[in-house]
Amino acid sequence: MTTTGRRALLAAGAAAGVTALAGCTSSPGGQARRPNAAEREAERVARAEAALRLRSVTAARGLLGRYDATLAAHPALAPRLTPLRRAVAAHAKALGEGGTTVEPATATTSAGTAPSTSPAPPPAPSVHPSASASASGRPAAPAAPVRVAADPRAALRELAAAERGASDAHTAALLAAPPEYARLLASVAAACAAHAYLLTEGARA
């Protein structure tokens with residue numbers, strides 16, 4: 001074979017190798033794969049659950065803010081409100097962490113005090129980062145100031161109404177919540193209803 005013939009043969013082999021390499025890199029395995037229907041549904045469910053958890057935590061924190069405002073406006077109510085405020089803070093923490101249990105409230109009204117309702121959640125996954133302002137690095141929007149009635153009894157009625165509102169919100173979220181989180185929501189909703197009773201009817205017992 002002549003030198004020219006050998007060069008032509010080598011050139012043809014090199015071209016074939018390049019073609020084969022191009023075929024490998026353009027194969028489906030080398031491209032970004034689009035998520036299938038099951039993966040898209042799983043992502044949708046995860047986003048919906050994260051949004052639900054964020055709403056639940058926001059409701060609990062809003063209630064906690066009302067307790068703080070009421071205590072600031074009426075310090076004399078501290079012996080009565082502090083145990084309930086402590087329970088609401090624990091609820092907010094449990095809802096954010098995805099805890100599973102909340103101890104039921106006990107209607108104790110002697111000496112004008114209310115029971116403490118505290119959750120005892122085991123270690124559990126936290127709220128999805130996309131649903132948390134702190135986890136995303138964005139500062140949370142400042143909360144609007146809470147107005148509290150000047151009359152202590154009216155302030156207690158406002159607080160009881162806020163507890164009932166939080167109970168209704170947690171109950172409404174049950175249908176869309178996963179089973180474990182739904183159990184927690186049910187426990188917190190029941191505790192809020194018990195708090196509302198202790199703030200109004202229970203105080204007169």
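Read the figures in this text as sums done on the coordinates, not as results from a lab. It should be emphasised that the depicted structure is a prediction, and the values quoted were computed from it without experimental measurement. Using ideal geometry, Cβ is built from the backbone for each residue, glycine included, and neighbour counts are taken over all protein chains shown.
Of note:
- Full-stretch length increase - Val45, Asp151 - with 0.36 nm per residue and alpha-carbon distance subtracted: 33.6 nm
- Sorted by Cβ neighbour density within 10 Å, fewest at the top, the residues Arg40, Arg61: Arg40, Arg61
- Ordering Glu39, Glu97, Glu163 from the fewest to the most neighbouring beta carbons within 10 Å gives Glu39, Glu97, Glu163.
- Applying the Karplus relation 6.51 cos²θ - 1.76 cosθ + 1.60 with θ = phi - 60° to the range 46-55 yields 3J(HN,Hα) values of 5, 5, 5, 5, 5, 5, 5, 4, 5, 5 Hz, where x marks Gly and Pro.
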